[in-house]
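K.L.:
The structure that follows is given in the form of structure tokens.
The numbers here are math on the coordinates, done by the rules we state, and not lab data. It should be emphasised that the depicted structure is a prediction, and the values quoted were computed from it without experimental measurement. When we count neighbours, we look across all protein chains shown, and the Cβ atoms used for this are built from the backbone with ideal geometry, even at glycine.
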Amino acid sequence: MSKITAAITAVGGYVPDYVLSNKELETMVDTNDEWITARTGIKERRILKDKDKGTSFLAIKAAKDLLKKNNTDPKDIDMVIMATATPDMPVAVTGAYVATQIGADNAFSYDLMAACSSFLFGMSIAAKYIESGSYKKVLLVGADKMSSIIDYKDRTTCIIFGDGAGAVLFEPNFEGLGVQDEYLRTDGNGRDSLKIEAGGSLLPSSIETVKNNQHVVFQDGKTVFKFAVTRMADVSDKILKRNNLTGDDIQWLVPHQANNRIIEATSKRMNLPDEKVMKNIHKYGNTTSATLPLCLFEYEKKLKKGDKLVFAAFGGGFTWGAMYLTWSYDS
Ligand code: UT7
């Protein structure tokens, strides 16, 4: 029997309707369109305004989009991996709710949290379940309602993040297409550079933590940038060399959308022209777990069977890595 590889066979996505532009941010904090565009590449981001809807709302929309487009019966899905840094609630698994709501009654599910690398690490896990032969259809959803944890008075963070969701289906492939290699890393020394201080077991919620504004994202932007810009490029370069590839062999870089300057440093290191780099940062900002699948969602029509893709991400923790994958279908 030929070896089973894990291929992406379908893609879905969703962003909420509300557009928060740089111009509107100018009315909220001391910032301006020129600064945001030059320093990050972001022009606008989407926000889920409904107060009674959490990340699951975005995830369900993206998953349903995938099921509909691909004509997949949700009852055939074996598992749902929910990559997110903003679960609906602590403890109760958001992925379980998403699976039930989309009709994936025969699936089991769990949440995976690795900050902005959640989706990339989820791809690795989904692939392992498929490669082992244990499961045939693994749905990986990346979704974040970042607006629920952002302080819209902090100009160093509120300009960056947005809300969104994307989903991919992993299935067995017998032509050798799909995930080829990965290089995933973490460094816990970075945990104080990008975090929400309170609300976890270390500093549970209290009146004091609310008064001290400790339930929103804090980022030491300079430090995170310094690490992200080198680490993301390092792993992308490493995955190329390890597979005897150069930039000429690669059709697409699928990078985490945190800052256009980080994306450019990575593509430059890989010797890739702009046309080979998936980008939607100008429209959506940093949607954390949703950046990679939302790129696939937007570029799906351009992808061809056999295309060589490199995924790369960097996030809080620190967490980062790269994956080399060959595309399995013509859209
Ligand atoms: O996805 C997870 C990983 N996250 C990342 O990869 C994000 C990494 N970090 C970044 O993308 C960048 O560090 C930021 C976009 C967050 C900030 O850009 P920067 O070029 O590193 O700016 P900076 O923090 O060095 O600040 C430069 C100046 C400062 O003013 P002074 O001290 O030079 O007078 C800031 O106060 O820009 C000022 N500044 C702003 N000005 C206008 C900071 N934020 C703003 C703003 N608008 N929103």
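K.L.:
What order, most packed first, do the peptides 114-126, 27-39 have when packing is the mean number of other Cβ atoms within 10 Å of each residue? Write out the running numbers ahead of the final one.
P.N.:
Details: 114-126: 25.8, 27-39: 13.5.
Peptide ranking by packing, descending: 114-126, 27-39.
K.L.:
Across segment 175-304, how large is the tail of the calculated P(r) beyond 23 Å, expressed as a percent of all Cα pairs? Working shown, then result.
P.N.:
Working: 3711 of 8385 pairs.
Considering segment 175-304, 44 percent of its Cα-Cα pairs are separated by more than 23 Å.
K.L.:
Per 10 Å bin, what percent of the C-alpha pairs of segment 19-66 does each bin hold, from zero upward?
P.N.:
23, 36, 27, 13
K.L.:
May I pose another question? In debye to the nearest 20, how big a dipole does the chain give about its Cα centre with +1 on each Lys and Arg Cβ and -1 on each Asp and Glu Cβ? It would help to have the intermediate numbers written out before the result.
P.N.:
Numbers: 41 positive and 41 negative charges, 71 e Å.
Dipole about the Cα centre, nearest 20: 340 debye.
K.L.:
Let me ask something additional. Stokes-Einstein D for segment 97-185 at 10 °C, 1.306 mPa s, Kirkwood Rh over Cα pairs, in µm²/s? Can you show the working numbers first?
P.N.:
Details: Rh = 15.2 Å.
Translational diffusion coefficient: 104 µm²/s.
K.L.:
Could you rank the peptides 266-279, 316-329, 155-168 by their average count of other C-beta atoms within 10 Å per residue, with the highest value first?
P.N.:
On the way: 266-279: 17.2, 316-329: 23.3, 155-168: 26.3.
Highest to lowest by the protection proxy: 155-168, 316-329, 266-279.
K.L.:
What are the semi-axes of the equivalent ellipsoid of segment 61-113, taken as the square roots of 5 times the eigenvalues of the Cα gyration tensor, listed largest first and rounded to whole Å? Could the numbers behind the result be given before it?
P.N.:
Numbers: eigenvalues 79, 27, 14 Å².
Taking √(5λ) for each eigenvalue gives 20, 12, 8 Å, largest first.
K.L.:
Moving to a separate point now. Please work out the ratio of the alpha-carbon Rg of segment 5-176 to 2.2 N^0.38 Å and round it to two decimals.
P.N.:
Its radius of gyration relative to the 2.2 N^0.38 Å reference: 1.12.
K.L.:
In whole Hz and in residue order, list the ³J(HN,Hα) couplings for segment 236-253 that follow from phi through the Karplus curve 6.51 cos²θ - 1.76 cosθ + 1.60, θ = phi - 60°; x for Gly and Pro.
P.N.:
The phi angles translate into 5, 5, 4, 5, 5, 4, 4, 10, 6, 10, 10, x, 4, 7, 8, 8, 9, 9 Hz.
K.L.:
Within a Cβ distance under 14 Å of Ala143, other residues only, what is the Lys/Arg minus Asp/Glu net charge? Kindly include the intermediate steps, with their values, before the conclusion.
P.N.:
On the way: positive: Arg46, Lys53, Lys61, Lys64, Lys145; negative: Asp65, Asp88, Asp111, Asp144, Asp163.
Around Ala143, the surrounding residues sum to 0.
K.L.:
I've got another one for you. Please go through the residue pairs Lys53/Lys283; Lys268/Lys308; Lys68/Lys276; Lys128/Lys279 and name each one whose alpha carbons sit more than 20 Å apart in this structure. Could the numbers behind the result be given before it?
P.N.:
Values: Lys53/Lys283 22 Å; Lys268/Lys308 17 Å; Lys68/Lys276 28 Å; Lys128/Lys279 27 Å.
With Cα atoms farther than 20 Å apart: Lys53/Lys283; Lys68/Lys276; Lys128/Lys279.
K.L.:
Hey, another quick one. Do the sum for the chain: with -39,500 (n - 2.57) for every DSSP H run of n ≥ 4, divided by all residues, what is the mean residue ellipticity at 222 nm, to the nearest 500 deg cm²/dmol?
P.N.:
Details: 10 runs with 101 residues, N = 331.
Rounded to the nearest 500, it is -9000 deg cm²/dmol.
K.L.:
With a sphere of radius 15 Å drawn around the Cβ of Thr230, what net charge do the other residues whose Cβ falls strictly inside it have (Lys, Arg +1; Asp, Glu -1)? Can you show the working numbers first?
P.N.:
Values: positive: Arg185, Lys222, Lys226, Arg231, Lys238, Arg261, Lys268, Arg269; negative: Asp187, Asp234, Asp237, Glu264.
Residues close to Thr230 contribute a combined charge of +4.
K.L.:
Continuing with the same structure: Among Thr31, Leu245, Pro204, pick out the residue whose Cα is farthest towards the positive end of the charge dipole of the chain, where Lys and Arg carry +1 and Asp and Glu carry -1 on C-beta, about the Cα centre.
P.N.:
Comparing the listed Cα positions along the dipole, Leu245 ranks first.
K.L.:
Let me ask something additional. In square nanometres, what is the average projected area of the Cα convex hull of the chain?
P.N.:
On the way: hull surface 65.1 nm².
So the mean shadow area of the Cα hull is 16.3 nm².
K.L.:
Same structure, new question: To make sure I understand the rule: partners must be aspartates and glutamates, Cα under 15 Å from the Cα of Lys23, and not fewer than 8 residues away in the same chain. Which ones qualify?
P.N.:
Asp33, Glu34, Glu44
K.L.:
Quick check for me: using +1 on Lys/Arg Cβ and -1 on Asp/Glu Cβ, what's the dipole size of segment 122-250 about its Cα centre, in debye to the nearest 20?
P.N.:
Details: 16 positive and 18 negative charges, 54 e Å.
That gives a dipole near 260 debye.
K.L.:
Only Lys, Arg, Asp and Glu count, each charged at its Cβ (+1, +1, -1, -1), so figure out the dipole size of segment 5-176 about its Cα centre, rounded to 20 debye. Before the final figure, lay out the partial values.
P.N.:
Details: 19 positive and 23 negative charges, 29 e Å.
That gives a dipole near 140 debye.
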